[in-house]
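K.L.:
Structure in C-alpha cells, see below.
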Amino acid sequence: MSKDKEQRQQSFRGDLIGALLWFIARMISLTVRLQTKNADIMREFEKDGKGAILITWHGRTMVPANYFRNRGYWALISLSRDGDIQNRIFKLFGFHTIRGSTGRGGVKAVLQMAKKVREGGILSYAPDGPRGPSHKVQEGTIFLAERCGCPVIPLGFSANPRKLLKSWDKYLIPKFFAKGAMVLGEPIFVPPNMTDEQKQEIALKIEEAINQAEEEAERMVGILPAD
C-alpha cells in the first residue's frame, strides 16, 4: 500500500470516528437539562466584537461545545492523532480550528490564535490539554493571554448522573436526560510584561477560578464536595 493511500484511509477513518462521536455527543447534549449562570456574558463579547478566551478543563468540554456551537468561535486543537478526531468533532459543532498546542511546540499556533482574538474572535480551549497534567494551566495559556490583551473567561461544567472515564482527564459524559450546570466566572485580565513569579500567580488565579466555577456547577446538580 502506498503512503498516500494509507494516509487517505487514516484520514477517512478519523473523519468517520469523529462524525460518530460528534453525533453521540450531540444526542446526549440535547437531552441534558442544562442550567446556566452568566453564560450571556459571551453574547456581549460577540455583539461588541471584543476578543476573549473561554476556557474549561479538558474533561468537561462535551456539553459546553454543544452549547456554544455555530457561533464562529475558534478552537485550538492538538496535532496528535486524537486531535485529528477532535478537530472533526469541533468543526461539526461549527467551530473554526487552528492546529497546535499551548504547551508543546505550538508557538506558531498560539501566535495565529492571538491574532484572531485581537481581531475580535473568541477562542475556546482546554488549558490543561492535550495530555495534562489535569487541572493545571499550562505556561502557553499565560503567553497567549499576554499576547491577546483580552480577558480570560473561566467556565465550569458538571452533570448528574454521569460517567467519568478512566482517562487522565476523567472525561465527563452525562447520562441521557441528566441534570447539567454550566457556570461562567468573572473575566480575568492578564497584564503584559509580567515576571515569572507574576505569571505563576496569574496561572494559579485562573486555575482557582475554573475550579470554583466547576464546584458551583457540581453543587447545582446535587454533587457535594468530598470530605
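K.L.:
Considering (1) buried (at least 16 other Cβ atoms within 10 Å of the Cβ); (2) part of a helix (DSSP H, G or I), say which one Lys179 fails and leave the rest.
P.N.:
Result: Lys179 fails condition (2) only.
K.L.:
Out of the residues in region 50-74 that are small (Gly, Ala, Ser) and closer than 21 Å to Glu146 by Cβ, which is surrounded by the fewest Cβ atoms within 10 Å (Cβ to Cβ)?
P.N.:
Checking each candidate, the answer is Gly51.
K.L.:
For region 131-142, indicate whether the set of residues that are under 14 Å from the mean Cα position of the chain (by Cα) and assigned to a helix (DSSP H, G or I) is non-empty.
P.N.:
Checking region 131-142: at least one residue is under 14 Å from the mean Cα position of the chain (by Cα) and assigned to a helix (DSSP H, G or I).
K.L.:
Does Ala145 fit the bill of being within 20 Å of Met62 (Cα to Cα), assigned to a helix (DSSP H, G or I), among the hydrophobic types (A, V, I, L, M, F, W, C) and in contact (Cβ under 8 Å) with a residue 12 or more places away in the chain?
P.N.:
Considered against the rule, which asks whether it is within 20 Å of Met62 (Cα to Cα), assigned to a helix (DSSP H, G or I), among the hydrophobic types (A, V, I, L, M, F, W, C) and in contact (Cβ under 8 Å) with a residue 12 or more places away in the chain, Ala145 comes out as no.
K.L.:
Only one of Lys115, Lys166, Lys170 is more than 15 Å from Ile55 (Cβ to Cβ), assigned to a loop (DSSP other than H, G, I, E, B) and free of Cβ contacts under 8 Å to residues at least 12 places away in the same chain. Can you tell me which?
P.N.:
Being more than 15 Å from Ile55 (Cβ to Cβ), assigned to a loop (DSSP other than H, G, I, E, B) and free of Cβ contacts under 8 Å to residues at least 12 places away in the same chain holds for just one of Lys115, Lys166, Lys170, which is Lys166.
K.L.:
Also, I was wondering about something else. Is it the case, given these coordinates, that Leu123 is part of a strand (DSSP E or B) and among the aliphatic types (A, V, I, L, M)?
P.N.:
The answer is yes for Leu123.
K.L.:
Please find, within region 206-227, the residue that is farthest from Ala145 (Cα to Cα) out of those that are in a loop (DSSP other than H, G, I, E, B) and touching a residue at least 12 places away in the same chain (Cβ under 8 Å).
P.N.:
Ranking the candidates gives Gly222 first.
K.L.:
Just the residues that are touching a helix residue (DSSP H, G or I) at 6+ places or on another chain (Cβ under 9 Å) and either assigned to a helix (DSSP H, G or I) or more than 21 Å from Ala109 (Cα to Cα) (or both), please, taken from region 39-63.
P.N.:
Selection gives Ala39, Arg60, Met62, Val63.
K.L.:
It is to be established whether one or more residues within region 150-161 are part of a loop (DSSP other than H, G, I, E, B) and surrounded by fewer than 22 Cβ atoms within 10 Å (Cβ to Cβ).
P.N.:
Yes; the residues of region 150-161 include at least one that is part of a loop (DSSP other than H, G, I, E, B) and surrounded by fewer than 22 Cβ atoms within 10 Å (Cβ to Cβ).
K.L.:
Residues in region 144-186 that are of a type outside the set (D, E, K, R), touching a strand residue (DSSP E or B) at 6+ places or on another chain (Cβ under 8 Å) and closer than 17 Å to Ser134 by Cα: how many?
P.N.:
Going through region 144-186 one residue at a time, the tally reaches 10.
K.L.:
Out of everything in region 64-96 that is polar (S, T, N, Q) and either at pLDDT 95 or above or assigned to a loop (DSSP other than H, G, I, E, B) (or both), what residue ends up being nearest to Arg26 (Cα to Cα)?
P.N.:
Among residues in region 64-96 that are polar (S, T, N, Q) and either at pLDDT 95 or above or assigned to a loop (DSSP other than H, G, I, E, B) (or both), the one nearest to Arg26 (Cα to Cα) is Asn66.
K.L.:
Please enumerate the residues belonging to region 182-205 that are among the acidic types (Asp, Glu) and either within 14 Å of Ile55 (Cβ to Cβ) or assigned to a loop (DSSP other than H, G, I, E, B) (or both).
P.N.:
Glu186
K.L.:
Among the residues that make up region 188-199, is at least one of them within 21 Å of Tyr125 (Cα to Cα), in contact with an Asp or Glu (Cβ under 9 Å, 6 or more places away or on another chain) and surrounded by 12 or more Cβ atoms within 10 Å (Cβ to Cβ)?
P.N.:
There is at least one residue in region 188-199 that is within 21 Å of Tyr125 (Cα to Cα), in contact with an Asp or Glu (Cβ under 9 Å, 6 or more places away or on another chain) and surrounded by 12 or more Cβ atoms within 10 Å (Cβ to Cβ).
K.L.:
What single numbered condition from (1) under 21 Å from Ser167 (Cβ atoms); (2) modelled with pLDDT under 95; (3) polar (S, T, N, Q) fails to hold for Gln10?
P.N.:
Status for Gln10: all satisfied but (1).
The values are calculated or read from the model by the stated rules, or taken from the named source; none is laboratory data. Predicted model, so just to flag it, every value in this text is computed and none were measured. Using ideal geometry, Cβ is built from the backbone for each residue, glycine included, and neighbour counts are taken over all protein chains shown.
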